[in-house]
Amino acid sequence: MNRHTKLNILWRSLLVAMLMAFCNTLSAEETDRQRADELNRQVDLLMGRLQATRDTFTYFNTLRQAVETALQCDYYDGMPNAKGKVDPKYRHINSKRLSPIGTRLIDAGIYYYSHRRNEEALEVLKTYLHFSRSHIFRWKKDLYKGQAAYYLSLLCYGAKKYAKADHYADIALQDAEYAKDAAEVKVSCMKEMMVTPNDSARYLYTLLGLHDKAPNNSTFMRLLMEYYSTDGHEQELEQFALEETRKSPTSKQAWALLGETKMRKQNWQEALEAFRNAIRLDTTFVEAIYNKGICISAQAQQALQNIETKPQTLPDSIKALLQEARKDFEQVARLNPHVEEMDWATPLYLVYNLLGEDEKAKAIKPKVEEQKIKKS
């Protein structure tokens, strides 16, 4: 075979390949158009059903199907033709008929959630986010993306899908209205996904930053307390409490927390000073009053133990401590008479006995017995 013949064969092969590629392009273009046509016919049918239905579940289910089908239609409708040109046929009409009602997908998510149909709530809210990012969503600014993302983060967190919950929380953080609540979900996800020491450090750093921005947020404080309360973080907790009193000297909670860290170390005097600061800020702060009484009665009992020969009557210094503790526990009893949050009856009963106030001790003994039963 001579060189000229070989070139002719090669040229014919190239022409065949080019023709096949062109035919394949035409075929793909035709297939895309056919799919778009068929999907749009389905959207027409679904929109007709949507207008006819009066049942809430059916309406929301049909709406979701209509939006998802329109999104698929737009995908094929937006495919370039053989010349590389994109000329969608159905985008405008689907935008016109679906954009005004698309936000009802969020209503659908909340409705499903309220009826404990969480999987359906998840799917319909995901459909909304997909819809809001599509070409057929005609509004320039999506005012509801943060809301949808926040509810998605809650649903995923409840289903223990923490990575997905974290992803949706990040989206919701961009919405000022939902940023605070989304931050709570995010740090909760970080807590659940902690594996390495680096994860732990990143979690604490993020949580401290959020706490600084929102010092009154009870969720951030609770998570910090849970973190610091684990073994090995006692010193960190005390340092955190000390820094809180420096940053917020008018925060009764900060002083109470510092007092609790000192109590754990049985550093009664420093704990007392912290609780007294808390009570100065709120004279009805029952937890601080109770802990103050515990610290004072602990000091009194410690002083009694240090006396080698037990006296017939209490030394004035110890008696004064017990009288102050009695005053604290009696105030707690007035503020919290049903012993629901803390057991004031048991330490008050002990103080009455040490002071020789037998009648008062006898009067509250039934409550002491109740507490024993609850603890057993």
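The values are calculated or read from the model by the stated rules, or taken from the named source; none is laboratory data. All of these numbers come straight from a predicted model, not from anything done at the bench. Every residue, glycine as well, gets a Cβ built from its backbone with ideal geometry; the counts of neighbours run over all protein chains shown. To get the accessible areas, we keep the full protein, side chains included, count just its heavy atoms, and leave off ligands, DNA and RNA. Shrake-Rupley method; radii C 1.70, N 1.55, O 1.52, S 1.80 Å.
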- Task: Give, in whole angstrom and from largest to smallest, the semi-axes √(5λ) of the equivalent ellipsoid of the stretch 232-279, with λ running over the eigenvalues of the Cα gyration tensor.
- Result: 16, 14, 6
- Note on the structure: In nanometres, the difference between 0.36 nm per residue of separation and the alpha-carbon distance of S376 and T58 is 109.1 nm
- Query: Say we join alpha carbon atoms closer than 10 Å with springs in a Gaussian network model of the chain; which of E236, E244, E260 then has the biggest fluctuation?
  - Reply: E236
- Query: How long are the three semi-axes of the equivalent ellipsoid for the stretch 224-333, computed from the Cα gyration tensor as the root of 5 times each eigenvalue, in whole Å, largest first?
  - Reply: 28, 17, 10
- Charges only on Cβ, +1 for Lys and Arg, -1 for Asp and Glu: so what's the dipole of the stretch 272-335 about the Cα centre, in debye to the nearest 20? 120 debye
- Answer rounded, prolate or oblate for the stretch 169-233, using the Cα gyration tensor with square roots of eigenvalues a ≥ b ≥ c: rounded when a/c is under 1.5, else prolate when a/b is larger than b/c, else oblate. oblate
- Message: For the chain, take the longest principal axis of its alpha carbons; what is the angle in degrees between that and the long axis of helix 345-355, to the nearest 10 within 0 to 90?
- Response: 20 degrees
- Task: Please name which of Y162, L207, L122 has its Cα lying farthest along the dipole of the chain towards the positive end, using unit charges on Cβ (Lys, Arg +1; Asp, Glu -1) and the Cα centre as origin.
- Result: L122
- With +1 at each Lys and Arg Cβ and -1 at each Asp and Glu Cβ, the charge dipole magnitude of the chain around its Cα centre, to the nearest 20 debye, comes out at 1640 debye
- Task: Would you please classify the overall shape of the stretch 70-142 from the alpha carbon gyration tensor, given that a ≥ b ≥ c denote the square roots of the eigenvalues, rounded means a/c under 1.5, and beyond that prolate means a/b larger than b/c while oblate covers the rest?
- Result: prolate
- Message: Report the gain in length on full extension from D212 to D199: 0.36 nm times residue separation, minus Cα-Cα distance, nm rounded to one decimal.
- Response: 2.7 nm
- Query: Angle between the Cα long axis of helix 197-213 and the longest principal axis of the chain, 0 to 90 degrees, nearest 10?
  - Reply: 80 degrees
- Could you look at the chain and say what percent of its accessible area is carbon and sulfur, using a 1.4 Å probe and all protein chains? 52 percent
- Message: Please state the shape class of the stretch 114-183: rounded when a/c is under 1.5, otherwise prolate if a/b exceeds b/c and oblate if not, all from the C-alpha gyration tensor.
- Response: oblate
- Pulled fully out, how much extra length does the chain show between E341 and Q269, if you take 0.36 nm times their separation in residues and subtract their Cα-Cα distance? 23.5 nm
- Note on the structure: The distance between the Cα centres of the stretch 72-142 and the stretch 340-369, in whole Å, is 67 Å
- Task: For the chain, count the residues as N, evaluate 2.2 N^0.38 Å, and divide the Cα radius of gyration by that value, please.
- Result: 1.68
- Message: How high is the relative contact order of the stretch 254-376? Use alpha-carbon pairs under 8 Å, at least six apart in sequence, and give a whole percent.
- Response: 19 percent
- Accessible solvent surface per residue of the chain, calculated while the other protein chains remain in place, 1.4 angstrom probe, Å²: 60 Å²
- Task: Rank by packing, highest mean first: peptides 100-106, 77-83, with packing defined as the count of other Cβ atoms within 10 Å averaged across residues.
- Result: 100-106, 77-83
- Item | Cα-Cα over 22 Å, subset of K213/K292; K85/K126; K141/K161; K262/K292 | K213/K292; K85/K126; K141/K161
